[in-house]
Structure formats: structure tokens, C-alpha cells
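The values are calculated or read from the model by the stated rules, or taken from the named source; none is laboratory data. Since the model is a prediction, treat every value here as computed from it, not as a measurement. Cβ placement follows ideal geometry from the backbone for every residue including glycine, while neighbour counts extend to all protein chains displayed.
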Amino acid sequence: MQRAELTRALGYADPASALRGLALPALPTVAAWERELESLDAGARAKLLERAQGILAHRFDLLGSGVTDLGSRIDWQRDFKVGRRWPDVHISRLPVVLGEGSDIKVPWELSRCQHLPLLSAAYRVSGEERFLAELGAQLSSFIATNPVEFGTSWSCTMDVAIRAANWVAALCMAMPAASHTTWLEPALAGLLLHCRFIRTHLEWGEVRGNHYLSDVVGMLIACAPFCGSDEGRAWAAWATAELEREMFHQVRRDGCAHEASIPYHRLVTELFLCGTQAVDALCPKTLSDGYRERLARMLDFVSDYTRPDGLAPQVGDADDGRFLPLGTYGADPCDHRHLHAQSRLPRRRGTGHAAYPHGGWYVMRHQGLWGIVRCGDVGLGGIGAHAHNDQLSFELAVDGQPLIVDPGSYLYTADAQARNAFRSTAAHSTLSIGAAEQSRLRSDYLFALPEEACARALHFATDGPRAVFAGENRGFRSLARPARHRRELHFDGASRILQITDAAIGACGEKLLWSFPLAPCEARKEASRVLATFPGAELEITAEGATLEVKTGWIAPSYGVRVAAPVVRAWRTARSDEDITRFTLTVRGSAP
């Protein structure tokens, strides 16, 4: 790219003015982080510099890799977890799956460059030139080895957009010190190419999700330095209109993202927050009141689904996806509380029961006892790309201790068998009839779940510490004749008891299997009950008419990581076409 072309794209502004004058106002989270850096105590400063030193040394811990040394030269095309490398071919010919346990998400995550703002932050708090030099070296390395439209780094526009936003954040923070470096101009030229690529490679479809939203929000951030030119202003205007439209396409009336996943709700909320703040700087007073009201409802849902321990359940798909983590890079992926701080809106803390019928979530909460029930459609207009067979499943927690948990997600394309195992009915705290799935799973396409369960809530009522939920699903289509699962949950926060009544309808003669995945604990069967002992709490499970046993299962606290944990199984053969089984879950521990 000729310098004159870049100069015109910057509106003839100098780089520092384009970045600090135009882009930084569109990134108030970056400006807020800069202010925080000025007042770090010695411990926080040392921790930041330690993390930045790891990045400087090319040591990364991504998607379950563990801390891995990538050597003196970063290979942006390599899954460093298993050593497989994608070819440097045009994106039209690039395979997504290489096999042998390789995962394209590893080079994708690395090339998002979420780590680069930490190098700028380390420079700001220490003044050490080595951090600034490493920022320039990694940007130069990426540009030199990743020509536009070639290799994994350009094969998914979402990742291109996230990378561009992180480049802008890192460059803003590097100003004015980087103004006279030899690498700044090529980096800005590379950023301009990112904008042009995004605009011409949009992940648009009749049904859209977090990928297209990332394209739009990434463009809003990436085009900010170029908004002094007609080209940049046109990008900002286009992205602003798309952001407004996507709010009403991707978010239900009750504030739930339409992908049937709580971790993806966090990502989508983060995207809308960043996009809103960028629009307010670049195209002020353009987003509607209805848009802002729905964004506020998204944050209300975050408050309600957050457990008493401050973390979020991993219901539905979870791949640790973030947009601009900045100072929370590498933090617990189940901690969604940063969204409230980022929003700068008054926070409504979840203190009671709540229903989100359009999204398919029902929260029961009294003092320290909390539960959430999943009962809704598979999302994404019936595609179910990020949904699991989790209808009528629930999580249960007390005070700071999770008890019954969703197992989360382990891997996507790296292991099709493991992916479907974590999505399966038997992996969740619900009923499986005749070993059939609620909705049939495919091994040849891992991002679909047909709308076969047709789950619907029948009743949700609350009365002080008590709540009652009733719902049913009509899945299990692979059985010889139709069967249904109807569940009632009676939640009593005062006595800390959850009673479950399950009806298997049309299932006479079929084997019924229940699962209750537990958070890591010691669990044992004693006569007709199971006792699970957690730090500070105990859970007793009893069943009327079903045989209980304790098995070892898996939970995935983050993508690419799985740990063994007990799972309580209950089973029996249905004796009629309206077979009733009851469970009582009693929580003991610290006083309410």
C-alpha cells in the first residue's frame, strides 16, 4: 500500500490524532483501563508485568493448552496443542478440519491477538521499551506471514474483526510513544486492509448469530481511526445501522440472546456493549430507545443467571469467546461480572425468582439457594448451532458452592465424539427415555440440533421463598412410538429443598435414565440415598421407585479442559404410559 493511500484513509490526520482523537473515544473501556493502570498497587502491577513477560517470551495458555512456549518465531497457522499446521493456501481452499485431534480454534484464537493490549499496558506502567518493541514485532510478524485472504487467520471473518479491534486497542494505548516507530505505518495499513476485508467478507445469512455481530462490531472499532475520511465514515454509518438491526434479530424481547447458550449470551452482550459505546462516539444519537431498553434487559439476565458464587453456569455451548477482554484476558471464563462494569449502567442485582420465557430460562433464588432451569427452543431460528440436549435440565447452587451443574462444552471439531457426548441428553440433569436423544445428534455436522424436543413451559409461579416450574419436551423421536417427558420442580429456599416430579408419558417398557452431574465433591451411596459432600455444604438425593448409583463423569470448566467429577444416575423401567418418579434434593450446610 502506498503511503498516499493510507494518508487519505486517515483523513490526512497524523497517526496519533487518528488513534487517540478518533479511536480512543470509541473505546471507553480502553480509556478506563488506562486510568486504572495509573493507580495499580504493587501487587497488581507485578502481576500485569508477569503476564506481559509471558507474552513477550511467546508463552501462551489457550483453549486448554496449558502454558506452551511457541519459540522465537510465532507460527500463526499452527495448532500448537497437537503440532498440526494448516497450509498457507487461499481461504477458498482451506480445510477447517485436519484430523488427528487438531483444532482450528487454536490458531484462530491466537490470531485474534487478544494478548496485544497487555503489551501496551505493560509499557504504560513500566516504561520499558521491550514491551513496545514486542508489540511492533508481533504486528510485523503477523503482517509478513499472513497475506490477506491466505491461511487460517483470514478464514473466519469473525476472527479478523476481533483481531482488528484488539489491534486498535493496543495501538491506542501505545500512543504517543509508538508514533515514530518504523512499524506503526505498516500496522495502520494492515488495519485498513482488515476493514476492507471485513466489509467484503461478511458472515451474513437469513439467520445470524455472534459471527455476523462480531463482523459488525469489529468494523465499528477498526474503522474508527479512519473516520476522518469518507471511506471510514461510510463504514461507521453502515455498521451503526447493522448494529441496530441485529439487536432485534439476535436478542429476544426478554433480553436473551437467541443462541440457547449462556456463555454465548455473555459474548453477544459484550459485543453489543462495545458496539453501543463505539456508535455513541462515532455516530451519536442514532441508536433507538428500544435498542437501549433491550440491551438493559440483557444485563438483567446476566444478573439473574449469575450464581451466588459470582460465576455463571455453562449451559449450552461454551468456547471461552471474548471480544475485547483487555485486563481480564485469561480470567475465569465463567465470570461475567465485567459486563456490568463495562456497561456503566445501574446494576440490578439478582435477588429473587425470574422468568425469561422467550429465551427459555427460569431462575429460582432465595437467600443463598439458587437454581436455573432450561426450557426453550434450540435457538438460531431452529438451527441449534450452539444448543445442547438440555431441555428441563437444571443447575443448583448454595451460597458460594455449585452443587448440580451443567457439564459445559469440552471441544468442537477436534473430537466429534466428545462434542456430542457433552451435548447429549445423558450428560445433563434431565431424563433420557430408551437411550434416545431429546433431539438427534449428527456426527458429520457438529453445529446443528434439530427442533425435535419442542420444549415448552407449562407453569411458573413464585411465592416468597418458593417457586414452582412445570414444563415438558416431546423429543426422543428415534423411539418406535412417541414419548414425552414432563417435569415439575418445587423449589423451597427457606427449607433448602428441591422436589422433582418426572412423568415419562407413552414410554411403557422403556428404560428411564436420570443424570445429576455434580460439581467436584465426594459422593457416596448410603442405602436408598446419595450423599454428596462439598466444601461448606452437603447435598442429599433420594428417589421414590428408582435405583440410585454414583458414577464418574466429566465436566469442562473451560474449553479444551475436562475434569472428572461424580454424576448421580437413577434408573428404572417405565411400568405404564404415565410413569411417575419423584426425587428430593435436600441441601444442608451454612445457615440461610
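Structural remarks
- Annotation: of all residues in the range 439-459 being in contact (Cβ under 8 Å) with a residue 60 or more places away in the chain and not in a loop (DSSP other than H, G, I, E, B), the one that is surrounded by the most Cβ atoms within 10 Å (Cβ to Cβ) is A457.
- Conditions (1) out of contact with any helix residue (DSSP H, G or I) (no Cβ under 9 Å at 6 or more places or on another chain); (2) assigned to a strand (DSSP E or B); (3) within 18 Å of Q391 (Cβ to Cβ); number of the one not met by A507: (2)
- The single condition among (1) surrounded by fewer than 20 Cβ atoms within 10 Å (Cβ to Cβ); (2) over 30 Å from R35 (Cα atoms); (3) touching a Leu at 6+ places or on another chain (Cβ under 6 Å) that R93 does not satisfy is (3).
- Checking D335 against (1) outside the structural domain of H265 (by TED's automatic domain parsing); (2) surrounded by fewer than 22 Cβ atoms within 10 Å (Cβ to Cβ); (3) at pLDDT 95 or above, the condition it does not meet: (1)
- Residue list for the range 269-296, filter: assigned to a helix (DSSP H, G or I) and of a type in the set (A, V, I, L, M): L271, L273, A278, V279, A281, L282, L295, A296
- Residues being surrounded by fewer than 21 Cβ atoms within 10 Å (Cβ to Cβ), part of a helix (DSSP H, G or I) and touching a strand residue (DSSP E or B) at 6+ places or on another chain (Cβ under 9 Å) - total across the range 380-438: 3
- Any hit, the range 126-134, residues being basic (K, R) and either more than 30 Å from R45 (Cα to Cα) or buried (at least 17 other Cβ atoms within 10 Å of the Cβ) (or both): no
- Search result, residues across the range 75-88 that are part of a loop (DSSP other than H, G, I, E, B) and either surrounded by fewer than 18 Cβ atoms within 10 Å (Cβ to Cβ) or in contact with a strand residue (DSSP E or B) (Cβ under 9 Å, 6 or more places away or on another chain) (or both): D75, Q77, F80, K81, V82, G83, W86, P87, D88
- Close pairs from the range 386-406: first modelled with pLDDT under 95, partner in a loop (DSSP other than H, G, I, E, B) and acidic (D, E), Cβ under 6 Å, at least 6 apart: G400/D309
- Any hit, the range 310-323, residues being under 13 Å from G350 (Cα atoms) and more than 13 Å from the chain's Cα centre (by Cα): yes
- Any hit, the range 256-268, residues being part of a loop (DSSP other than H, G, I, E, B), within 19 Å of L22 (Cα to Cα) and of a type outside the set (D, E): no
- Tabulated pairs, the range 191-211, first farther than 17 Å from G151 by Cα, second part of a helix (DSSP H, G or I) and of a type in the set (D, E), C-beta under 6 angstrom, 6+ apart or interchain: L202/D215; E203/D215
- Restricted to the range 565-592, and to residues there that are of a type in the set (G, A, S) and either modelled with pLDDT of 95 or more or not in a strand (DSSP E or B) (or both), the residue that is farthest from the chain's Cα centre (by Cα) is S576.
- Of the criteria (1) in contact (Cβ under 8 Å) with a residue 24 or more places away in the chain; (2) of a type in the set (A, V, I, L, M); (3) closer than 22 Å to A187 by Cα; (4) surrounded by fewer than 19 Cβ atoms within 10 Å (Cβ to Cβ), which one A57 fails: (1)
- Residue in the range 108-128 that is without any contact (Cβ under 8 Å) to a residue 24 or more places away in the chain and closer than 25 Å to E185 by Cα present: yes
- Residue in the range 535-542 that is surrounded by fewer than 20 Cβ atoms within 10 Å (Cβ to Cβ), under 27 Å from P482 (Cα atoms) and at pLDDT 95 or above present: no
- Test: residue in the range 533-553 that is in contact with a strand residue (DSSP E or B) (Cβ under 7 Å, 6 or more places away or on another chain) and under 27 Å from V378 (Cβ atoms): yes
- Search result, residues across the range 338-354 that are within 27 Å of Q401 (Cβ to Cβ) and touching a helix residue (DSSP H, G or I) at 6+ places or on another chain (Cβ under 8 Å): H338, L339, H340, R347, R348, R349, G350, A354
- Output for the range 543-559, where each listed residue is under 26 Å from T501 (Cβ atoms), surrounded by fewer than 18 Cβ atoms within 10 Å (Cβ to Cβ) and either in contact with a helix residue (DSSP H, G or I) (Cβ under 9 Å, 6 or more places away or on another chain) or among the basic types (K, R) (or both): K551
- Identity of the residue in the range 460-493, without any contact (Cβ under 8 Å) to a residue 12 or more places away in the chain and part of a strand (DSSP E or B), that ends up surrounded by the fewest Cβ atoms within 10 Å (Cβ to Cβ): D463
- Filter result for R562 (surrounded by fewer than 19 Cβ atoms within 10 Å (Cβ to Cβ), of a type in the set (K, R) and assigned to a strand (DSSP E or B)): no
- Scan of the range 139-157 for residues that are in a helix (DSSP H, G or I) and either at positive phi or of a type outside the set (S, T, Y) (or both), ordered by number: L139, F142, I143, A144, W154
- The residue list A187, A178, A234, A239 contains one member that is surrounded by fewer than 21 Cβ atoms within 10 Å (Cβ to Cβ), part of a helix (DSSP H, G or I) and either in the same structural domain as L326 (by TED's automatic domain parsing) or over 21 Å from the mean Cα position of the chain (by Cα) (or both), which is A234.
- Out of D415, D390, D399, D377, sole residue that is among the acidic types (D, E), outside the structural domain of C256 (by TED's automatic domain parsing) and under 24 Å from Y212 (Cα atoms): D377
- Of all residues making up the range 297-319, the number that are buried (at least 18 other Cβ atoms within 10 Å of the Cβ) and not in a helix (DSSP H, G or I): 11
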